[in-house]
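Read through the structure below, which is laid out as structure tokens, and then see the notes.
Read-outs throughout are calculated quantities, based only on the coordinates presented, and are distinct from any laboratory measurement. All figures in this text were calculated on a predicted structure; none of them were measured in a lab. When we count neighbours, we look across all protein chains shown, and the Cβ atoms used for this are built from the backbone with ideal geometry, even at glycine.
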Amino acid sequence: MKNTIKLAVVAALALGTTSAFATNGDVMIGQGAKSRSMGGVGVAKSFGAESGIANPALLRSVKNKEFTGSLTVFMPDVSAKSNAFGATGTMTDSDADLSVIPELYYASRINEKLVYGVLVAGTAGMGTDYGDAPQANVNLMTTELALMKIAVPVSYTMDKLTLGIAPVLQYGTLDIRHTAPPGPAQNNNDSDVGYGFELGVAYDVSSALTLGAVYKSKIDMKYDNVLSRSIASFGLSTLITSGDNLNQPAEIGLGLAYTKGMHTIALDYKNIDWSGAAGYSDFAWDDQNVIALGYEYATDKWALRAGYNHGKSPMSNQAETGNSKGSGQNFFDLSGFPGIVEDHYTFGAGYNVSNDLSVDCAVVYAAETKESFTTAAYGAGSTVDVTHSQLGLTVAATYKF
């Protein structure tokens with residue numbers, strides 16, 4: 001067990017874990033360049049070794065051995081203002097405007113029925129950085145959450161039906177800093193390792209139509225003396241009961257993929273159970289329904305892809321509901337963890353350099369979303385206001401052997 005934990009930590013550090021604005025709340029819309037270029041689909045549409053964490057059953061498409069490495073650069077554009085605690089309310093840009101997220105996927109076929117894989121991938125995170133801004137603008141709120149998963153997916157095929165399972169080890173880090181209200185100017189950051197699993201199924205209705213489903217378990221995470229110290233500073237200790245727990249929520253997904261000739265259309269539905277995850281539930285995140293639609297035109301040599309992804313923001317203005325802790329929830333959500341973007345437009349391409357080597361790229365643009373939440377408990381008539389858009393670029397290479 002200790003060796004496993006060390007492996008997770010070493011892998012995370014070696015791959016350069018950084019925070020990411022990860023579009024559906026704090027979850028990346030998809031894993032790998034192919035999925036992201038098609039709106040994040042992946043429950044029924046297979047992407048080879050990259051499918052190991054989207055739906056482990058879809059590893060069945062790997063013919064022999066396959067390795068994919070990818071790198072995603074996220075460039076969020078976030079600005080905020082607050083007139084809580086006597087701040088002036090001047091709109092200020094967050095300096096957390098560049099994050100790099102690595103992914104490594106390997107899969108190998110054992111026999112005609114069985115395929116296994118190993119993967120290490122950044123999967124979720126978010127953060128803001130107003131540390132260099134004038135204190136009177138946004139209270140110097142700085143946050144960073146980063147999550148990486150290590151998984152060993154296995155798929156087993158029985159005629160038209162394939163079952164998949166993936167035990168998951170998740171490594172996470174959390175840092176929260178602020179200077180207002182009176183409280184610790186520098187909280188400790190902390191890391192944790194949690195465990196979960198994924199179950200997947202894929203069924204071929206015909207040679208053209210595949211149906212898929214996946215369940216991803218909740219993963220318990222605890223960051224000692226990070227969240228609890230911050231909520232104490234904001235006077236929320238008696239109202240926020242999760243302490244230092246910030247669990248990654250369970251997910252369920254359903255999907256279909258239809259291929260005719262060189263054309264493929266894929267549609268996914270995903271539900272993210274934020275209300276059932278400690279930490280997020282205390283800050284009143286709502287369960288999130290996500291729809292992803294993707295299209296691919298593929299020849300033997302190249303492919304073009306496009307997609308759309310929509311997930312309503314899980315955050316709402318709690319002070320307007322009469323919630324006694326609403327002002328604190330609102331301030332934390334928008335100034336520190338503004339996972340509010342909803343509409344994502346994606347496109348990309350792939351090129352087979354040879355029978356063994358291919359390269360792929362993806363572009364994800366999240367349209368600007370604006371929110372203004374009430375923080376009246378921290379100043380009469382005060383609000384926190386945020387604008388957030390993002391651009392993500394992914395490049396990947398796959399080697400088959």
Legend entry - Charge dipole of the chain about the Cα centre (unit charges at C-beta), most positive-ward option of G381, V226, L161: L161
Legend entry - Student exercise, the stretch 283-350 dipole from Lys, Arg, Asp, Glu Cβ charges, in Debye to nearest 20: 120 debye
Legend entry - Mean separation of Cα contacts under 8 Å (6+ apart) over length of the chain, as relative contact order %: 19 percent
Legend entry - Dipole magnitude of the chain, debye to nearest 20 (Cβ charges: Lys/Arg +1, Asp/Glu -1, about Cα centre): 1180 debye
Inset, instruction - Using +1 at the Cβ of each Lys and Arg and -1 at the Cβ of each Asp and Glu in the chain, identify which of A49, Y215, L254 lies farthest towards the dipole's positive end. - result: A49
Inset, instruction - Sum -39500 (n - 2.57) across every DSSP H segment of at least 4 residues in the chain, then divide by the residue count to get the 222 nm mean residue ellipticity, nearest 500. - result: -2500 deg cm²/dmol
Legend entry - Distance histogram for the chain (every C-alpha pair counted, 10 angstrom bins, percent rounded to whole numbers): 5, 24, 33, 22, 11, 4, 0
Inset, instruction - Give the dimensionless ratio obtained when the Cα radius of gyration of the stretch 262-400 is divided by 2.2 N^0.38 Å. - result: 1.39
Inset, instruction - Using the Cα centre as the reference, give the magnitude of the dipole from point charges on the C-beta atoms of the stretch 67-116 (Lys, Arg: +1; Asp, Glu: -1; all else neutral), rounded to the nearest 20 debye. - result: 260 debye
Inset, instruction - Could you tell me which of the pairs K45/K113; K301/K400; K270/K301; K81/K149 are separated by over 26 angstrom between their Cα atoms in the structure shown? - result: K270/K301; K81/K149
Legend entry - Amide H partners (placed H, <5 Å) of T383, local residues excluded: N83, A84, T375
Inset, instruction - With the cut-off at 17 Å, report for the stretch 194-310 the share of all Cα pairs above it, as a whole percent. - result: 67 percent
